[in-house]
Every structure is written in C-alpha cells, then in structure tokens.
1. Evaluate the range 138-154: report whether one residue or more is assigned to a helix (DSSP H, G or I) and under 17 Å from the mean Cα position of the chain (by Cα).
2. Would you please name the residue that is surrounded by the most Cβ atoms within 10 Å (Cβ to Cβ), looking only at residues in the range 304-334 that are in a helix (DSSP H, G or I) and touching a residue at least 40 places away in the same chain (Cβ under 8 Å)?
3. Conditions first: (1) of a type in the set (Asp, Glu); (2) touching a strand residue (DSSP E or B) at 6+ places or on another chain (Cβ under 6 Å); (3) more than 14 Å from the ligand (Cβ to nearest atom). Glu151 passes all but one, so which condition is the exception?
4. Tell me which residues, restricted to the range 80-114, are crowded, with 23+ Cβ neighbours inside 10 Å and more than 13 Å from the ligand (Cβ to nearest atom).
5. Kindly indicate which of Pro338, Pro308, Pro351 is away from the ligand (no atom under 16 Å from the Cβ) and either within 20 Å of Thr371 (Cα to Cα) or of a type outside the set (Val, Ile, Thr) (or both).
6. Restricting attention to the range 174-214, which residues are of a type in the set (A, V, I, L, M) and closer than 21 Å to Leu11 by Cα?
7. Among the candidates Leu172, Leu180, single out the residue that is closer than 22 Å to Leu140 by Cβ and more than 16 Å from the ligand (Cβ to nearest atom).
8. Taking the range 115-141, which residues are in contact with a Pro (Cβ under 7 Å, 6 or more places away or on another chain) and within 14 Å of the ligand (Cβ to nearest atom)?
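The values are calculated or read from the model by the stated rules, or taken from the named source; none is laboratory data. What you are looking at is a predicted structure, and each value in this text was computed from that prediction instead of being measured. Glycine also receives a Cβ, built like all others from the backbone with ideal geometry; neighbour counts cover every protein chain displayed.
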Amino acid sequence: MTMFSDLHERLWNETPGEKPLASDEALSLARAAAPGDRTLARLLFAEGFGTGGALDAILLDRSERTKSALFSNTVQAVVPIYVSSICNEHCLYCNYRADNHGDAVQRVRLTDDQLRREAEFLIDEKGFRCLELVYATDPLVRPAAMCRHVELLRNLLEQRGGSVVGLSAEALDENDYRDLVSAGLSFSVLWQETYDRWRYQQLHPGRGKKPRFEYRLDAFERMLSAGVRDVGIGILTGLSPWRRDWAMLISHEMYLREHCGQAATILGIPRLKSAPGAQVHTTPFTPSDAEFQVTVALHNLLFPEVRPFVSTRESFELCTQLARGGGCLFTFNCTTIPGGYTMGNPGCQFPSGSYDAPVYSKKLTQLGLSTDWNWAPYEQALYAAHIENRA
Ligand code: SF4
C-alpha cells in the first residue's frame, strides 16, 4: 500500500517547481480564487508574499472573513498538561533532549495523583474543558500509561459535564492509536518538524524512534486508520527554508484528503524559539511575523475548516492576529514543565507566555472573539460528518 513516505522524494523535488507568480497575477489569484481552491498554494512563492503589501492585505482580510463565516469569530480553548520531561531523544533545538544535563532542565514524571491535581486545577480554577496531554519520549511512559492518563482525565471531565482530551506525543503504531481512541482520546497532534529530509536527519540524531523520518511521515495515516477523527499536522517553522516546508505540508494535507478520505483538522503552527539547553537556537530560515501571519492566512483560505493551533510561543498580540475570524484552537494558560501549574516546578521545554484564561478570555471578547470552552459538540459533529462521508 502506498504511503505518503513513498511520495515524499518526488514531491520534495517538484517543490517549488514552477516559476514564482508575478505580482499582478498573484493579486488576481488572491482576489478571485474561491476558498478551498488549491491553486492558492502558488501564492507561497509569489512576488510580494509576506512583505506587508497589497497581497498580504487581501489574504489577511479574506482569511478573516472566511473563518468568521464558518466559525462565527469563536476560538476553541485548549490547555497543555505536560506529563513527563524525561526524554531519550536528541532533538537539537529542545531543552528536554537526552544529552542536556545542564541546570536549565528539570526531569519530572508526574504520578497519576499529580496529574489529577494539575487537571483539577485547570478545570475547576481556570474553566478549561479541553485538556491536551503532552509527553516527551519517556522510556517509562509507554502507550498503556497514556491510555490510563486519557481515561483519568476523561473521567474527571465527565464528572463535570464532559469534554475533550487530546494528545501530543511521539509517533505511535496504529494499534496504540486504536487503544487511545478506545480510552477516550478525542484528538491527536503531531508535528513533522520539517519535510527537509537532510535537515531532519541533521537535527534528530541518535538511535531512537524520532530519527525515523518515514515512520513519522506516515503517522498521520496510522492515526486516521485507527479512528482518530481530529488529527493535527504541522511543522516547526524555522527548521528549514519555510516556504518549501509549508508547500510540502500543504501537499501532505492534500494527499491525506485524497488517499485517506479524510483530512487533518488541526494545523500546528509552532515557530522555532531559542530554548535553554538547546544546541540549535536560531536558523536563517525563520519567517518574520508578517511572513508567518500571512502564511497562516493563506492556509486558512486553502483549508478553511482546518483549525490552526495558536500557542503561547507567540505574544498575546500575535496570537489574537492569528485567531482573526475564529476557527482555531487557542492556548491561554501554559507551562511546559510537568507540575508547572500546581507543584511550582520551574523550567520549560521552550520559552512560552501564559495568558491567564479568566483575564485574557475577556480581552479576546473585547477584540470580538468569543471562547468555546467545551467543544465536545464540535468533536461529535466531526465524527458524524465522517460517518456520513463513509455511508
Ligand atoms: S522535541 Fe520532544 S522528542 Fe525531541 S528532545 Fe524534545 S521532548 Fe524529546
């Protein structure tokens, strides 16, 4: 059976294969193409794209109007709960890489009681109903433990009217995803980091699972085969020349639609930030704010129903710009160290802001964005649409 990894090399070599669009042609395409028109992807390489000029203004405006029509200026609140910072991988841009023995890294693995306390605090004190479990690649926290954690959080949420449990972890086997769905998992996100094979291998040394480029590339198909209906795909923008990486990401999303009968429904948009204890802090490949913002807007026009995962890696101001029109996942409170909410653990995987939900959701309201805390009904609609598509 063909998997995306079988096509990667050909697609990589074809991207970008065309002559960049000239400014006039780009402006016409940006004005006239309907949302969802795949030819919009050509704008990534157009003259004037990301320069803050007329082309960007059209795309930002159309993105906002398209999102607003679909999602009524509503964002979906989500909060990460880190479970372990113990990792046997070696990603050179990460504070949690196994070889980092410096003072800036704290290795913590939560017990189930500690995890429960973190979740209860976020649910009862901060009002969250969508919890995202986040894991480093901890040799002692394997899929069976992740299933137990999903069940634990699911039960806590059910006692309070229910909602959504998601996962951000290493790439897993299809059976593992199947077990997680049975345990109550609603969504699963995984970032490919980069589609540039050479860069990928340079940045992910070692003998673990992460250096297996193809295994990670095909994880999204395994999720979909296993019955995960809300799948997140993305790259860590800045690891490699970003236009080519985004073009490949778009190709991958199109492939999933055509070959799996279902799309990724969440878009990861992390941008590289300098982390303490990392070996790679910056690259020449990181887009400016203007480039980054218009790239997300272009993606919104290409795939209007896909929700960008807006994270506190960015300033609150930029988060609100990225969220224009709604139709995104939105992070408020955030720590990237296990026990960061209730145990006072210092440290982080990478620097991030934390925008206290009761305060900052009001700021969003002032900007015309409302917050959906319990988006279980949205998840149910996704599942219903999937079943209808199959009928
Ligand atoms: S990015 Fe993830 S897998 Fe890589 S070193 Fe950091 S925690 Fe481990």
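1. Going through the range 138-154, the residues assigned to a helix (DSSP H, G or I) turn out to be 143-154.
This time we only want the ones that are under 17 Å from the mean Cα position of the chain (by Cα), so: none.
No, the range 138-154 contains no residue that is assigned to a helix (DSSP H, G or I) and under 17 Å from the mean Cα position of the chain (by Cα).
2. Taking the range 304-334 as the starting set, the residues that turn out to be in a helix (DSSP H, G or I) are 316-322.
Then drop every residue that is not touching a residue at least 40 places away in the same chain (Cβ under 8 Å), which leaves 316, 320, 322.
Numbers: Phe316: 15, Thr320: 21, Leu322: 23.
Filtering the range 304-334 for residues that are in a helix (DSSP H, G or I) and touching a residue at least 40 places away in the same chain (Cβ under 8 Å), the one surrounded by the most Cβ atoms within 10 Å (Cβ to Cβ) comes out as Leu322.
3. The one condition Glu151 does not meet is (2).
4. Of everything in the range 80-114, just one residue is crowded, with 23+ Cβ neighbours inside 10 Å and more than 13 Å from the ligand (Cβ to nearest atom), namely Ile81.
5. Working: Pro338 fails: away from the ligand (no atom under 16 Å from the Cβ); Pro351 fails: away from the ligand (no atom under 16 Å from the Cβ).
Checking each option against the conditions leaves just Pro308.
6. Filtering the range 174-214 for residues of a type in the set (A, V, I, L, M) gives 180-181, 183, 185, 189-190, 203.
Once the filter is applied, which keeps residues that are of a type in the set (A, V, I, L, M) and closer than 21 Å to Leu11 by Cα, the range 174-214 yields only Leu190.
7. Numbers: Leu172 fails: more than 16 Å from the ligand (Cβ to nearest atom).
After applying the criteria, what remains is Leu180.
8. Matches in the range 115-141: Val134 only.
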